[in-house]
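Here the structure comes first, spelled out in structure tokens, and everything after it is commentary.
The values are calculated or read from the model by the stated rules, or taken from the named source; none is laboratory data. What you see is a predicted model; the values in this text were computed from it and never measured. Positions of Cβ are backbone-derived with ideal geometry, glycine not excepted, and every protein chain shown enters the neighbour counts. Just the protein is used for accessible areas: all its heavy atoms, side chains included, with ligands, DNA and RNA removed. Shrake-Rupley method; radii C 1.70, N 1.55, O 1.52, S 1.80 Å.
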Amino acid sequence: MAVVIMRHLDLIYLAQLERYNSARLRGWIARHWGIVLDGRGALVQVAVLGVGVFLAWSPLPAIAFYIVWLVAGMWLKSRWSSLQVSQQLQWTPRTIRLVAVTFLLAVAAVLVTSGLTVILLSRLIVAPLALLVGIGLAAGLLVMSEVAAGTVLVANLSLAPLEQAVNQRFYAAAKARMRQYPGEVVGITGSYGKTTTKFIAATLLQKRYSVFKTPDGVNATMGIVRVVREALRDDHQFFVVEVAAYGPGEIREVCEILRPRIGILTAVGVQHLERFGTPERIAEAKYELIDSLPPDGLAIVNADDPGALRLAERARREGRRVLLYGVGEDERALDVRGKEVKLSSHGSAFRVETRYGTVMFETRLLGGWNIANILGATAAALECGVPLEEIADGVKSLTPAPKRLELREEGGVIKLIDVANANPLGAQMALEVLSQFKGGSKILITPGLVELGQIEAEENRRFGRAAAAVCDYVLLVGPQQTQPLREGLLEGGFASSRVLVARHSGEVTDHLKAIVREGDILLYENRLPDTYLELA
């Protein structure tokens, strides 16, 4: 019973990771039959049922069956592997409702199966009622375990109308709150760079104003709704919001609540291509932020990104006010330009040219991509009245956004934590940063790149070929998921003996103990949710 309950909680946890989207949960179930159907557990429980039927024909007391059943259950529990590896189930009100409905459905399945089993056996075998009830309950738990995924899916589907009504009530409350909010909203979106740009923009604006930014990891509709309702205050002069899109219309939905006046577009890439289907749909989703700006609004766009630049040109054709930022000394008409860039393992220095003047910037943020993020945030701060010299001081004090090329040193080992940067360009940039470090072995730990649709395998091969030119060891997390990445490593001439493979993140530490020495540099690139676990 304990194992069966844990199976249900694991599947509810996966529903939570899929944002309670029944279609995506159904897709996960279809791809992971080896986990959904517990073959080992089913065989053990069938064997227990067989023992029960045998005992019905023997003179042994019914207690013998319960002892066998208990021993079998203890053995199963000792070999149980939870799907909650990188995170744990969050007990929100919605989760509690889903657990309650799942419990009712599961209990109904046990009672029906147990009752039918007892009735059938009582007609075929003359045995003590205590034994027949035990066999019936064992049969009920067997069925309950094997249909756990279906039970959770049905419970989630049955709750959908209620949850939609609850969400609409929260949505309306947040919308009413924002109509009363006297401050200004800065919205930030992009396939990558939006979280770091949010942290930088908030830091620069705080030089002069009271600023509130959405917490790390909060970028979807209901998370933002909750922050608006519970944390945003009238004395916050600026509200800096990161807005993500997991499907068409989501950014527009958030912007209907927030009504931003300034929108920053960092990039338009292929991240979440699997969800959107085509790059054009991704671009259209990102444009929803610009399209939501008022007539006096300002779109701040990264001119170094071709996809973002095309959307900037579209916005200008529609008569919108657009400000461009970028890096380089070319002839482009940039409103905020970075030039004379010097990169190192300690950060970067570069000159910034604007219509307000020219200033030298220095930052501890690693990588060339962060220069673009700083320029975008600088453009927003200038628009909001922060002087360029104060912005330069703020840039000097910047620290990395959590888990985005975050530098740590532990026990003489340097760790670059970039687990929240799951896109092809970000991965290439992280390797460039890794290459700038001198000293011990350079070790890459990664599960590869996902949600890239038809180009996923090739992008992982390209990632592998690039890693082969930089790394001394590579630890792949997930043998099946990382197969294309391994192929790319070998194509790049990387020695197979220096490629290690872990089934999941829980095994990474054990593998690293065998190879890591003082002075080594570890790059943790990307972290996949537990929906990608390979435990079957």
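Please go through the stretch 350-369 and give me each residue that is open to solvent by 20 Å² or more (accessible area, probe 1.4 Å) and closer than 19 Å to T203 by Cα, ordered by number.
Correct list: V359, M360, E362, R364, W369.
In the stretch 497-536, what residues are of a type outside the set (G, A, S) and in a helix (DSSP H, G or I)?
Scanning the stretch 497-536 gives R498, E507, V508, T509, D510, H511, L512, K513, D530, T531, Y532.
Restrict the check to the stretch 154-165 and report whether at least one residue is under 12 Å from V110 (Cα atoms) and of a type in the set (S, T, Y). Show your work before the answer.
Let us first name the residues in the stretch 154-165 that are under 12 Å from V110 (Cα atoms), namely none.
No, every residue in the stretch 154-165 fails to be under 12 Å from V110 (Cα atoms) and of a type in the set (S, T, Y).
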If only one of S122, S114 is of a type in the set (S, T, Y) and exposed (fewer than 14 other Cβ atoms within 10 Å of the Cβ), which one is it?
S122
List pairs: first residue in the stretch 42-65 and under 21 Å from R123 (Cβ atoms) and free of Cβ contacts under 8 Å to residues at least 60 places away in the same chain, second residue open to solvent by less than 50 Å² (accessible area, probe 1.4 Å) and part of a helix (DSSP H, G or I) anywhere in the structure, Cβ distance under 9 angstrom, at least six positions apart or on different chains.
V51/A64; V51/F65; V51/A72; S58/A64
Quick one: is V152 outside any strand (DSSP E or B), among the hydrophobic types (A, V, I, L, M, F, W, C) and open to solvent by 20 Å² or more (accessible area, probe 1.4 Å)?
no
Which residues, taken from the stretch 188-224, are buried (at least 19 other Cβ atoms within 10 Å of the Cβ) and either part of a loop (DSSP other than H, G, I, E, B) or acidic (D, E) (or both)?
G190, S191, Y192, G193, T214, N219
If I ask for residues that are open to solvent by 10 Å² or more (accessible area, probe 1.4 Å), among the polar types (S, T, N, Q) and in contact with a Pro (Cβ under 9 Å, 6 or more places away or on another chain), which ones from the stretch 450-479 would you list?
none
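If I filter the stretch 71-80 for residues that are open to solvent by less than 50 Å² (accessible area, probe 1.4 Å) and assigned to a loop (DSSP other than H, G, I, E, B), do I get at least one hit? Before the answer, list the steps.
If we filter the stretch 71-80 for residues that are open to solvent by less than 50 Å² (accessible area, probe 1.4 Å), which is where we start, we get 72-73, 76.
Retained after the next criterion (residues that are assigned to a loop (DSSP other than H, G, I, E, B)): none.
Scanning the stretch 71-80 turns up no residue that is open to solvent by less than 50 Å² (accessible area, probe 1.4 Å) and assigned to a loop (DSSP other than H, G, I, E, B).
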When (1) outside any helix (DSSP H, G or I); (2) open to solvent by less than 20 Å² (accessible area, probe 1.4 Å); (3) over 17 Å from R233 (Cα atoms); (4) of a type in the set (A, V, I, L, M) are applied to V185, the one that fails is (3)
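Quick test for you: out of A372, A379, A401, A430, pick the one residue that is farther than 30 Å from E458 by Cα, open to solvent by less than 10 Å² (accessible area, probe 1.4 Å), aliphatic (A, V, I, L, M) and in contact (Cβ under 8 Å) with a residue 40 or more places away in the chain.
Numbers: A372 fails: farther than 30 Å from E458 by Cα; A401 fails: farther than 30 Å from E458 by Cα; A430 fails: farther than 30 Å from E458 by Cα.
After ruling out the rest, the residue left standing is A379.
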Output for the stretch 354-369, where each listed residue is under 24 Å from T195 (Cα atoms) and free of Cβ contacts under 8 Å to residues at least 24 places away in the same chain
none
With the structure loaded, tell me whether E253 is in contact with a helix residue (DSSP H, G or I) (Cβ under 6 Å, 6 or more places away or on another chain) and open to solvent by 30 Å² or more (accessible area, probe 1.4 Å) or whether it fails that test.
yes
Looking at the stretch 486-500, which of its residues are closer than 26 Å to G519 by Cβ and under 26 Å from the mean Cα position of the chain (by Cα)?
L489, V499, L500
Among the residues that make up the stretch 229-249, is at least one of them surrounded by 19 or more Cβ atoms within 10 Å (Cβ to Cβ), assigned to a helix (DSSP H, G or I) and not acidic (D, E)?
no
List pairs: first in the stretch 480-509 and open to solvent by less than 70 Å² (accessible area, probe 1.4 Å), second among the aromatic types (F, W, Y) and modelled with pLDDT under 90, Cβ under 8 Å, 6+ apart or cross-chain?
Q481/Y532
I need every pair where a residue in the stretch 253-268 that is free of Cβ contacts under 8 Å to residues at least 60 places away in the same chain and within 8 Å of V185 (Cβ to Cβ) has its Cβ under 7 Å from the Cβ of a residue that is of a type in the set (G, A, S) and open to solvent by less than 10 Å² (accessible area, probe 1.4 Å), sequence separation at least 6 or different chains.
none
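Just the residues that are in a helix (DSSP H, G or I), under 32 Å from the mean Cα position of the chain (by Cα) and of a type outside the set (G, A, S), please, taken from the stretch 299-340. Break it down stepwise before answering.
Within the stretch 299-340, the first condition is being in a helix (DSSP H, G or I), and the residues that meet it are 306-317.
Keeping just the survivors that are under 32 Å from the mean Cα position of the chain (by Cα) gives 306-315.
Within the stretch 299-340, P306, L309, R310, L311, E313, R314 qualify.
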